[in-house]
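Some notes on the structure that comes next.
The values are calculated or read from the model by the stated rules, or taken from the named source; none is laboratory data. Quick caveat, the model's predicted, so the values are computed rather than measured. Don't worry about glycine lacking a Cβ; one is built from the backbone with ideal geometry, like all the others, and counts go over all protein chains shown. Quick note on the areas: whole protein, heavy atoms, side chains included, nothing else; ligands and nucleic acids left out. Shrake-Rupley method; radii C 1.70, N 1.55, O 1.52, S 1.80 Å.
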Amino acid sequence: MSSLNLEEIRRNINRRQQINKIFAILGLLVIFVAILTLLGLILEMVIDGHSRISPDFFTSFPSRKPEKAGILAAWVGTSLVMVVTAVAAVPLGVAAAIYLEEYARKNLLADLIEINVTNLAGVPSIVYGLLALGLFVYQFNLGESILTAGLTLALLILPVVIVTTREALRAIPNNLREAAYALGASKWQMIWDHILPYSFGSILTGAIVGLSRAIGETAPIITIGALTFIAFLPDSPLREEFPYISFAWLQAPFTVMPIQMFNWVSRPNAEFHINAAAAGTVLIGMTLMMNGIAIYLRYLFRKDIKW
Amino acid sequence: MAEELSDGVIFKPKAEVKNLNFYYGSVQALKNINLTVPEKQVTALIGPSGCGKTTLLRCFNRMHDLYPGNRYEGQILLERINILAPKVDPIEVRMRISMVFQKPNPFPKSIYENVAYGLRVRGENKRSLLDGKVEEALRGAALWNEVKDRLNDLALNLSGGQQQRLCIARALVVDPEIVLFDEPTSALDPIATASIEELMSDLKDKVTILIVTHSMQQAARFSDYTAFMYLGELLEFNKTETMFAKPSHKMTEDYISGRTG
Ligand SMILES: Nc1ncnc2c1ncn2[C@@H]1O[C@H](COP(=O)(O)OP(=O)(O)O)[C@@H](O)[C@H]1O
Ligand SMILES: [Mg+2]
């Protein structure tokens, strides 16, 4: 190869590498803008609110005096609602995804369901609130309760759980399915012994991403009639005597973190805005904690699985 | 019951393919296949890429049932039962006929659980019985000595050749009547290939083997019978020595001597 030729090749490579670099820099820039904006927002809130965050803040009910007011009812409410949401949405969503992915015939009906599920993920949350008000509150008489709120949010995140679970199932290579079938496994054995364990980490991540969305939802909870000022806790789920657990809390009135925030922000007294910032900080902390758990669990379940 | 080939070779048939046509949707991949698989012998399926070897092999364990649109016509008789009949549950067929795939595909589980799975599927959970069967299968697959101290390790940490032998152990643990191999060494290096070939020659006293291979040498080295396929048809079937010495079809001759393929 002549030296002239080599020079030309290098110029050519240079040109192409430059385009490559331009994109890399552009991408980095975009990411920085997005992350910095987010960090800025969070930081501002933390700076505003951190002074109010103390043990008392977590153990006090709301009060007319800003510095005495706390988020006890709100975080307990949020936690209990999340439990209901998770218990309702995860098994339902995973089961639906398994059916759609592994059992349903690929026909027009399946396509219709698929389009519907995807679209449901984009329906404004207030619409779910209205649906829940009509269905759970008026039709089933579940009241303006933790149960109603949990089920409402479960409906809201069901599409997310279904879609992420389907993707997790689809990611399992076909040769593992065939290996199981070739040994005489039934479809259910194949799913239960292989598909579910191998995709467990991803399914869990999807569920937690869904719950992270639910934890911040305000509109549908207000629609079904959550209280904004509440100075008592629901019944404890744990009992001293047999059977040690109780489900009375499901029927209790409640409030949740975002509503508490909303309530404080809308007061004229600026002192309450500090409370709102503090509650927001706690809420973000809760979300981060859930995502952290998701990442850890995914690591835990995937470190032994590769293909 | 015995079968006689054109030049007087006599063997005991294990399975009989009769007028088999197979369709992927509207595409016909197998055309009127007739083949008798001899019992406790190695039968090799050879032929150029895309001629339908894998398709034919996967008819034997009804693997095609897993995907919509696939259609069989004709019969495969296994002890007088037509295993392609719709009323025969594919699970029943797969419990009698095991398969080893082209690419090693161990489950992301422990070595022990990989081998034990075929038994667990059948509802066998007694530890003492599983232990014995797993050891027997691993010995049968010439893997026991390498893994006996780390049965609880992940199967995916084994080398490619070891993984394939694990897949063979997994296929053997259920005492199958036939084991299907689809180019089991094509993803392996020469040394691993040699050990798998040796293993397969050892197996043929115990079980009927049907193996797809693209390597003429492999077919010649250890198969007893060879079937040559071309464009979805089975052109020739004979004792391996006979076929390699004096193929009766021009196509077979060209393929064996490397002029096509
Ligand atoms: N899933 C499939 N759908 C449609 N056609 C297929 C499918 N699998 C294989 N074929 C076609 O069937 C023919 C035989 O394929 P195959 O049995 O894999 O050949 P071989 O194993 O001999 O290389 C080929 O023409 C191939 O393109
Ligand atoms: Mg093939």
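Observations, loosely collected:
- Within the range A:159-180, the set of residues being crowded, with 23+ Cβ neighbours inside 10 Å, in contact with a Gly (Cβ under 8 Å, 6 or more places away or on another chain) and of a type in the set (A, V, I, L, M) comprises A:VAL161, A:ILE162, A:ALA168.
- Only listed residue being farther than 25 Å from B:VAL121 by Cα and either surrounded by fewer than 20 Cβ atoms within 10 Å (Cβ to Cβ) or over 19 Å from the mean Cα position of the chain (by Cα) (or both), chosen from B:THR43, B:THR54: B:THR54
- Leading residue by the ranking (nearest to the other protein chains (Cβ to nearest Cβ)) among those in the range B:80-109 that are open to solvent by less than 20 Å² (accessible area, probe 1.4 Å) and over 24 Å from B:ASN70 (Cα atoms): B:PRO108
- Hits in the range A:184-216 (condition: within 14 Å of chain B (Cβ to nearest Cβ) and open to solvent by 10 Å² or more (accessible area, probe 1.4 Å)): A:SER186, A:LYS187, A:TRP188, A:GLN189, A:TRP192, A:ASP193, A:LEU196, A:PRO197, A:TYR198, A:PHE200, A:SER202
- Test: B:ASP131 is within 21 Å of A:ALA179 (Cβ to Cβ), over 22 Å from the mean Cα position of the chain (by Cα) and charged (D, E, K, R): no
- A:LEU120 open to solvent by 40 Å² or more (accessible area, probe 1.4 Å), within 17 Å of the chain's Cα centre (by Cα) and in the same structural domain as A:SER145 (by TED's automatic domain parsing): yes
- For the range B:62-74, filtered to residues that are within 14 Å of ligand 1 (Cβ to nearest atom) and in a loop (DSSP other than H, G, I, E, B), the residue that is nearest to the chain's Cα centre (by Cα) is B:TYR67.
- Applying the criterion of being within 16 Å of ligand 1 (Cβ to nearest atom) and within 15 Å of the chain's Cα centre (by Cα) to the residues of the range B:165-196, the residue that is farthest from the other protein chains (Cβ to nearest Cβ) is B:THR185.
- Complete set of residues in the range B:61-71 that are surrounded by fewer than 20 Cβ atoms within 10 Å (Cβ to Cβ) and either within 9 Å of chain A (Cβ to nearest Cβ) or at negative phi (or both): B:HIS64, B:ASP65, B:LEU66, B:TYR67, B:PRO68, B:ASN70, B:ARG71
- Any hit, the range B:151-166, residues being touching a Phe, Trp or Tyr at 6+ places or on another chain (Cβ under 7 Å) and within 16 Å of ligand 2 (Cβ to nearest atom): no
- Applying a threshold of 8 Å to beta carbon distances and a minimum spacing of six or more residues, or different chains, the list of pairs starting in the range A:92-105 at a residue that is surrounded by fewer than 19 Cβ atoms within 10 Å (Cβ to Cβ) and ending at one that is not β-branched (Val, Ile, Thr) and not in a helix (DSSP H, G or I) reads A:ARG105/B:PRO68.
- Candidates B:LEU84, B:LEU77, B:LEU57, B:LEU45 - the one that is within 16 Å of ligand 1 (Cβ to nearest atom), within 30 Å of B:SER215 (Cα to Cα), not in a helix (DSSP H, G or I) and not acidic (Asp, Glu): B:LEU45
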